[in-house]
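Below is one structure, written out as structure tokens; comments come after it.
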Amino acid sequence: MKRILLLCAIACAVAAVVLFSGRRKAPVGVSFPEPPVELVANQDFGMELINMFNIIRIPDGTYRMYFIANPKDGIAENEKSQNLYYAESQDGFHYEMKGKLMDQLVEQTIFMVKDKDYPYRMVASQWIGEKMPERGLFLWKSKDGLEFTDRKMLYDNLHDTQNVMIPRGKRLKLYSRLTQERYRNRRMTVAEFDMQGEQISDTEILAGDFLYNTAACKVDKRYDLLFPTYYNTHGGTTDTCFFRCYVTDGPFIRQLPCELNRWVEPDEHWVLASPGFVFIDGERYLAYNTRTRSHETSATGMVSKFKLIKVELEYE
């Protein structure tokens, strides 16, 4: 009898060790230990209304930055005059302007997938009519990350990119901003698509009103980390902006403590517009841009800066 009890105790202990060791650690906090690094000023590119940028590292080791902008001497009346440009860097911090890729994109996220023929993908919002909200959210493919073809519509209502596509095998997870009313009550949605742009899951609206822009990164197979901003859009105004971090666990989402707000400069607003994460020398950075003075679309009322900030995750 004693031997049976001893064997049972050993079995329970082994089971507990296996269960505990197999438990995934959950992120419990996010810190930004160093001040942001400014990458480039607007005048370096000779552009105005620079916005919506993300960085990827292409196979030859070059860092490629994609961004939306207006020519300095061009017409900057509204979003329809914005074009897609790119710049490249060898160290991830100093960029050289290369040229224009496409006309009349509003927001974009460009990323790489496991596809030998078309390894580049772009999700972007593009005009399909003359007035707001007549634009759609599309998926493009590319062989070289410079010429994008095979446009596939993902949503025909007012979804902005404001997201990062996360490769999960043969699936892509899309976090997108949904404007339920004109410029008001913006919410974050999530859905899965295949590599060809076919939706393979329902579109879910995440908890939390007035979510504005978002970045997302894959922590492990279970958790995603989201970095949204909150615009105080009650009454249609944009008076206050707050930066927050969240972690998702299946259908659940919870807020994590973070310290990025302490690096905000005077008169600066958070604009995490189509941001993303990039690894430089083994360190994880959040790539984002900020705006000063206002959130209007006039080039004379806005100054935009590209920045990188180191991110450290804390686990339980």
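Matching residues to (1) on the phi > 0 side of the Ramachandran plot; (2) loosely packed, with under 14 Cβ neighbours inside 10 Å; (3) at pLDDT below 90:
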| residue | (1), (2), (3) |
| --- | --- |
| Leu6 | no, yes, yes |
| Ala26 | no, no, yes |
| Val30 | no, no, no |
| Ile50 | no, no, yes |
| Asn54 | no, no, yes |
| Leu101 | no, no, no |
| Val106 | no, no, yes |
| Tyr118 | no, no, no |
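Looking at the range 245-280 only, could you name the residues that are on the phi > 0 side of the Ramachandran plot and either modelled with pLDDT of 90 or more or touching a strand residue (DSSP E or B) at 6+ places or on another chain (Cβ under 8 Å) (or both)?
Going residue by residue through the range 245-280, those that are on the phi > 0 side of the Ramachandran plot are 250, 267, 274.
Asp267, Ser274, listed by residue number.
Tell me whether the range 70-84 contains one or more residues that are modelled with pLDDT under 90, closer than 19 Å to Glu38 by Cβ and surrounded by 19 or more Cβ atoms within 10 Å (Cβ to Cβ).
Within the range 70-84, not a single residue is modelled with pLDDT under 90, closer than 19 Å to Glu38 by Cβ and surrounded by 19 or more Cβ atoms within 10 Å (Cβ to Cβ).
Given the conditions (1) modelled with pLDDT of 90 or more; (2) among the hydrophobic types (A, V, I, L, M, F, W, C); (3) under 19 Å from the mean Cα position of the chain (by Cα), report the number of the one that Ile205 does not fulfil.
In the conditions (1) modelled with pLDDT of 90 or more; (2) among the hydrophobic types (A, V, I, L, M, F, W, C); (3) under 19 Å from the mean Cα position of the chain (by Cα), Ile205 misses (1) alone.
On the basis of being in a strand (DSSP E or B), modelled with pLDDT of 80 or more and under 20 Å from Phe277 (Cβ atoms), does Arg151 make the cut? Spell out how you get there, then give the answer.
Values: in a strand (DSSP E or B): yes; modelled with pLDDT of 80 or more: yes; under 20 Å from Phe277 (Cβ atoms): no.
Against the criterion (in a strand (DSSP E or B), modelled with pLDDT of 80 or more and under 20 Å from Phe277 (Cβ atoms)), Arg151 does not qualify.
The values are calculated or read from the model by the stated rules, or taken from the named source; none is laboratory data. Bear in mind that the values here come from a model prediction, so they are computed numbers and not experimental data. FYI the Cβ positions are ideal-geometry reconstructions off the backbone, even for glycines, and counts take in every protein chain you see.
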